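Down below is the structure, laid out as structure tokens.
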Amino acid sequence: MNILILGSGGREHAIAWKLAQSRKVSRIFIAPGNAGTHAIGTNLRIDPEDKEAVKTAVIAHEIGMVVVGPEAPLVAGIHDYFLHDELLVDVPVIGPVKSAARLEGSKDFAKAFLVRHHIPTAAYKTFDRTNASEAGDFLLTLNPPYVIKADGLAAGKGVIICSNFDEAVEEVNAVISGKFGDAGEKVVIEQFLKGIELSVFIVTDGRSWKLLPEAKDYKRIGEGDTGLNTGGMGAVSPVPFAGKDFMEKVKNRIIIPTVRGLRDEGIDYKGFIFFGLMNVGGEPYVIEYNARLGDPEAEVVIPRIKSDLYELFEGVAKGDLDRRPLEIEDNYVTTVMLASGGYPGPYEKGIEITGIEVRDDCMIFHSGTKILDGRVLTSGGRVLAVSCRGGSMKEALEASYRKAGSISFRNMYYRKDIGFDI
Ligand code: AMP
Ligand code: GLY
């Protein structure tokens, strides 16, 4: 079986790395991939959102399965495109159809879904141009800080937390007036939940589901969770505060009603569901849904999966996931993201990276790299995810930091406090 993975980050590198270990997988293609995936399979110069180009590649390379890494192609309907094309209809796509990807693509849709299925989430109300003048009245029913979200995809920047009322009203108007383009045609105002966040993942064939290892990611650029939001500066798995009781609540109050809700609404969901959760004094609330694995969470979640990932994907495609084994390693995996100095603001690209040869138990997943004349160069803000295992969180973190210290490129930056707060 030849597989095509869409995407170019550490998540896609981790998926490729794991699939390469399956006896059932012959060749792996990654579009567009990076220097890390180049070492595992064949990178294709294709934009994952260019459906025609994806189709051409699937036919040319006799692809038998497509795994979608990021949300954008899903929200743009890549899975639906396959279902409606007679040459592609038999090629399974791992990732939901457009109507289901709205769980991530529209915050208003996600909130309404949560409420419809009685799944715990922050109180909210959605506004658009027609009722923006009433936003103030709703804000008055909440206590500060105020959470304001652009409805659509806004490259992870669409959430604004305001400490006072006037600022909140101003932000609501700014979003509706086009601060985030079309993504802000609607705006969701939400009650602020105080707690600690974690990411929970399942893979589902639309009927049954399997729980993958949970993870905690570190979103801010600065130590002590300060500074600007990023795509994620590190992650750990398992999460010590996600104990048995808590995960039981997550299963019963969140996962089961979500999968059942999708089915009841006639949505055949095939792929990953990422539950962004807040643990509020031991009670789980859904902050957001994503229609994919997280990044950098995938770089700690996937290494803890002992079973054959291809087998699971085949179960998703065939609808017999319940018969596929899923074994999880009970060790710890941590990842530290090495970033370009300046990120998430402007940064330099094209800098040579040294020290990435792996001779130990660590995995270096490439996030933003490219290969030029055999040299590995930086090509993004987040550059490398250094994932290492350990018998304890401390051991794994020590290994990640030891490894990070042996890698270098000009202006390399990383947080030194990943995993130390929990
Ligand atoms: P999102 O893009 O929905 O993941 O939101 C980005 C970040 O904003 C989340 O990771 C949280 O840290 C924060 N956030 C979102 N919604 C809430 C909420 N209702 N209460 C507190 N923090 C929130
Ligand atoms: N690390 C969070 C995400 O992938 O959305």
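The values are calculated or read from the model by the stated rules, or taken from the named source; none is laboratory data. Bear in mind the structure is a predicted one, so any value in this text is a computation, not a measurement. Positions of Cβ are generated from backbone atoms using ideal geometry, with glycine treated the same way; all protein chains shown enter the neighbour counts.
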Practice problem: Enumerate the pairs (first residue in region 80-91 and touching a residue at least 24 places away in the same chain (Cβ under 8 Å); second residue anywhere and outside any helix (DSSP H, G or I)) with beta-carbon separation below 8 Å, excluding pairs fewer than 6 apart on the same chain, so at least 6 apart or on different chains. | Solution: Tyr81/Leu88; Val91/Ile63; Val91/Gly64; Val91/Met65; Val91/Val66
Exercise. Among residues belonging to region 278-334 that are basic (Lys, Arg) and more than 16 Å from ligand 1 (Cβ to nearest atom), point out the one that is nearest to the chain's Cα centre (by Cα).
Key: Arg304
Self-check item: Count - residues of region 194-218 that are among the acidic types (Asp, Glu) and away from ligand 2 (no atom under 15 Å from the Cβ)
Solution: 1
Quiz prompt | Residues that are buried (at least 19 other Cβ atoms within 10 Å of the Cβ) and not in a helix (DSSP H, G or I), drawn from region 155-193 | solution = Gly158, Ile160, Cys162, Phe180, Lys186, Val187, Val188, Ile189, Glu190, Leu193
Quiz item: Are there any pairs with C-beta distances below 7 angstrom linking a residue in region 97-122 that is farther than 17 Å from Gly266 by Cα to a residue that is in a loop (DSSP other than H, G, I, E, B) and acidic (Asp, Glu), with the two at least 6 apart or on different chains, and if so which?
Solution: Ser106/Asp151; Lys107/Asp151; Asp108/Asp151
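What do you reckon, is Tyr81 touching an Asp or Glu at 6+ places or on another chain (Cβ under 6 Å), farther than 20 Å from Asp295 by Cα and aromatic (Phe, Trp, Tyr)?
On the way: touching an Asp or Glu at 6+ places or on another chain (Cβ under 6 Å): no; farther than 20 Å from Asp295 by Cα: yes; aromatic (Phe, Trp, Tyr): yes.
It is false that Tyr81 is touching an Asp or Glu at 6+ places or on another chain (Cβ under 6 Å), farther than 20 Å from Asp295 by Cα and aromatic (Phe, Trp, Tyr).
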Quiz item: If you check every pair at least six apart or on different chains, which have Cβ atoms under 6 Å apart with a residue in region 6-24 that is touching a residue at least 40 places away in the same chain (Cβ under 8 Å) first and a residue that is assigned to a helix (DSSP H, G or I) and surrounded by fewer than 24 Cβ atoms within 10 Å (Cβ to Cβ) second?
Solution: Lys18/Leu309; Leu19/Leu309; Leu19/Tyr310; Ser22/Tyr310; Lys24/Tyr310
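I'd like the full set of residues that are within 16 Å of ligand 2 (Cβ to nearest atom) and hydrophobic (A, V, I, L, M, F, W, C), limited to region 125-184.
To start, the set of residues in region 125-184 that are within 16 Å of ligand 2 (Cβ to nearest atom) comprises 149-150, 152-159, 183.
Matches in region 125-184: Ala150, Leu153, Ala154, Ala155, Val159, Ala183.
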Quiz item: Out of (1) touching a Gly at 6+ places or on another chain (Cβ under 9 Å); (2) away from ligand 2 (no atom under 16 Å from the Cβ); (3) polar (S, T, N, Q), what's the single condition that is false for Gln191?
Solution: (1)
Quiz item: Does at least one position in region 128-150 carry a residue that is surrounded by fewer than 19 Cβ atoms within 10 Å (Cβ to Cβ), over 30 Å from Gly319 (Cβ atoms), within 11 Å of ligand 1 (Cβ to nearest atom) and within 18 Å of the chain's Cα centre (by Cα)?
Solution: no
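For region 180-201: of the residues being away from ligand 1 (no atom under 11 Å from the Cβ) and closer than 20 Å to Lys111 by Cβ, which is modelled with the highest pLDDT? Spell out the reasoning first.
In the first step, residues of region 180-201 are kept if they are away from ligand 1 (no atom under 11 Å from the Cβ); the result is 180-187, 200-201.
Right, trim to closer than 20 Å to Lys111 by Cβ and you get 180, 182-187, 200.
On the way: Phe180: 86, Asp182: 86, Ala183: 87, Gly184: 83, Glu185: 86, Lys186: 93, Val187: 95, Val200: 98.
So the residue we want is Val200.
Has region 373-393 got at least one residue that is of a type in the set (D, E, K, R), farther than 16 Å from Ser408 by Cα and in contact with a helix residue (DSSP H, G or I) (Cβ under 8 Å, 6 or more places away or on another chain)?
Pass one, region 373-393, residues of a type in the set (D, E, K, R): 373, 375, 382, 389.
Filter once more, so that each one left must be farther than 16 Å from Ser408 by Cα: 373, 389.
Next, only the ones that are in contact with a helix residue (DSSP H, G or I) (Cβ under 8 Å, 6 or more places away or on another chain) stay: 389.
Yes, region 373-393 has at least one match.
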Exercise. Find the residue count for region 322-368, including only residues that are of a type in the set (A, V, I, L, M) and more than 17 Å from Leu19 (Cα to Cα).
Key: 9
Practice problem: Inspect all residues belonging to region 257-267 and state whether any of them is touching a strand residue (DSSP E or B) at 6+ places or on another chain (Cβ under 8 Å) and within 15 Å of ligand 1 (Cβ to nearest atom). | Solution: no
Practice problem: Only residues that are of a type outside the set (D, E, K, R), under 24 Å from Ala39 (Cα atoms) and without any contact (Cβ under 8 Å) to a residue 24 or more places away in the chain: list them for region 341-360, please. | Solution: Val358
Practice problem: Considering each residue of region 267-290, count those that are buried (at least 24 other Cβ atoms within 10 Å of the Cβ) and on the phi > 0 side of the Ramachandran plot, and give that number. | Solution: 1
Practice problem: Among the strands (runs of 3 or more DSSP E) lying completely within region 198-251, list those that include at least 1 residues that are among the aromatic types (Phe, Trp, Tyr) and crowded, with 16+ Cβ neighbours inside 10 Å. | Solution: 209-211
